[in-house]
1. Can you give me the number of residues within the stretch 235-251 that are surrounded by fewer than 18 Cβ atoms within 10 Å (Cβ to Cβ) and closer than 15 Å to Ala107 by Cα?
2. Tell me whether the stretch 173-192 contains one or more residues that are surrounded by 15 or more Cβ atoms within 10 Å (Cβ to Cβ), under 14 Å from the mean Cα position of the chain (by Cα) and not aliphatic (A, V, I, L, M).
3. Find all pairs meeting these conditions: Cβ atoms under 8 angstrom apart; at least six residues apart or on different chains; first residue within the stretch 104-116 and at negative phi and among the basic types (Lys, Arg); second residue assigned to a loop (DSSP other than H, G, I, E, B) and open to solvent by 10 Å² or more (accessible area, probe 1.4 Å).
4. Specify the residue that is most open to solvent (accessible area, probe 1.4 Å); the eligible residues are those in the stretch 116-130 that are under 30 Å from Leu297 (Cβ atoms), not small (Gly, Ala, Ser) and not in a loop (DSSP other than H, G, I, E, B).
5. Given the criteria among the small types (Gly, Ala, Ser), assigned to a helix (DSSP H, G or I) and out of contact with any Asp or Glu (no Cβ under 6 Å at 6 or more places or on another chain), does Ala145 qualify?
6. Among the basic types (Lys, Arg) and under 27 Å from Asp252 (Cα atoms) - does that describe any residue in the stretch 169-176?
7. For the stretch 52-67, which residues satisfy the criterion of being assigned to a helix (DSSP H, G or I) and in contact with an Asp or Glu (Cβ under 9 Å, 6 or more places away or on another chain)?
8. Among what's in the stretch 84-134 and is closer than 17 Å to Arg264 by Cβ and among the small types (Gly, Ala, Ser), pick the residue that is nearest to the chain's Cα centre (by Cα).
Amino acid sequence: MSELRAALARTASGAVKARVQLGFALAKELEDCAVGADDLTLLADSFAVLRDACALRRQHIQYDIADDIATLRSLRDRVAHVAPSMTATATTSSAARPIFVVSLPRAGSTLLERMLGCAEGVHLAGELNQFPAALGQELKRAFIAKNGSSRPPRKAELVGLTDELDSAAMGAAYRANIPSLPAETRAFVDKLPLNLLNIEHILRALPDAHIVYVRRQREDHCYAILKQLFAQAYPWSYSTDECCAYYDAVTDMMQPWLNAKLPRLHVVDYEELVQQPETTSRALFEALGLTWTPAVLEFHRRNSSASTTASAAQVRQPLTSRSIGLGQHFFTTD
């Protein structure tokens, strides 16, 4: 810890990237020590360091959250209109069926993915970009056909093109471009978080697909996002106000889906998953038509495949609830 402090103190103010990285590293070290010792003073120190590092990172990002919020509100209005009518159950198919795990980042989706990977015949495909790519191509075709223009459309404009899309073609393109699956695969998990925004398209394009939405309590979730230094994605994740605004807009967008209680859309709460893992995972496995075994609770021992997410270290360890409630301390020190 003292070495990190010293390194941060001697790093020139103009070395922004280095100062941000050192700040995030020091905040993490302080948090680990604070939680281990139940030291709220040390935890407050971690929060202060994190806020400084986030503020420095945000200063060097060109981003206006208004566009994203407008898009999410357009999606919410769209979902409120279509969700009540989308009641069909999943169709059966001889092909491996996709299970999409969607969420905001740092919700616990990698933990859930690893649990699902303990089921016989389930392959973890990782965070695939194939569905957004198939959707993007179809949106581009529809936009040009409707407007006679190849100019880049605004995000909110794309929401209005949904009824113009060829869902069957989109589903075929997705399946044609996913990586080869092991011969014994009966289902595969696609865990790209922000397929959260593509739920309607997935349900229409892939009639055999299921979607699992992982959510987390607001303060804990926003704190978990803020303390993660992402490479390029999630530009709203370095400001407390912007992070909370994005979280709230996504929650509003998801509510009509949840109200519709679709048989192919399932909800898992992170808090229930880590505090009642057997009950929660059993219920999900049954809903997905998977066979639950005690191996699911030993996911950190049973599944050796690599993880490239920010949770790579956590999924090698047993379940813990140590992060529950940390966010409340962060927000009460504002």
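The values are calculated or read from the model by the stated rules, or taken from the named source; none is laboratory data. In this text the structure is predicted, and so the values were computed from the model without any measurement. Here the Cβ positions follow ideal geometry from the backbone for every residue, glycine too, while neighbour counts run over all protein chains shown. Please note that ligands, DNA and RNA were not included when accessible areas were found on the heavy atoms of the full protein model with its side chains. Shrake-Rupley method; radii C 1.70, N 1.55, O 1.52, S 1.80 Å.
1. Qualifying residue count, the stretch 235-251: 2.
2. Looking through the stretch 173-192, at least one residue is surrounded by 15 or more Cβ atoms within 10 Å (Cβ to Cβ), under 14 Å from the mean Cα position of the chain (by Cα) and not aliphatic (A, V, I, L, M).
3. Cβ pairs passing all conditions: Arg114/Asn303; Arg114/Ser307.
4. The selected residue is His123.
5. The answer is yes for Ala145.
6. no
7. The answer is Arg58, Ile65.
8. Among those residues, the one meeting the criterion is Ser103.
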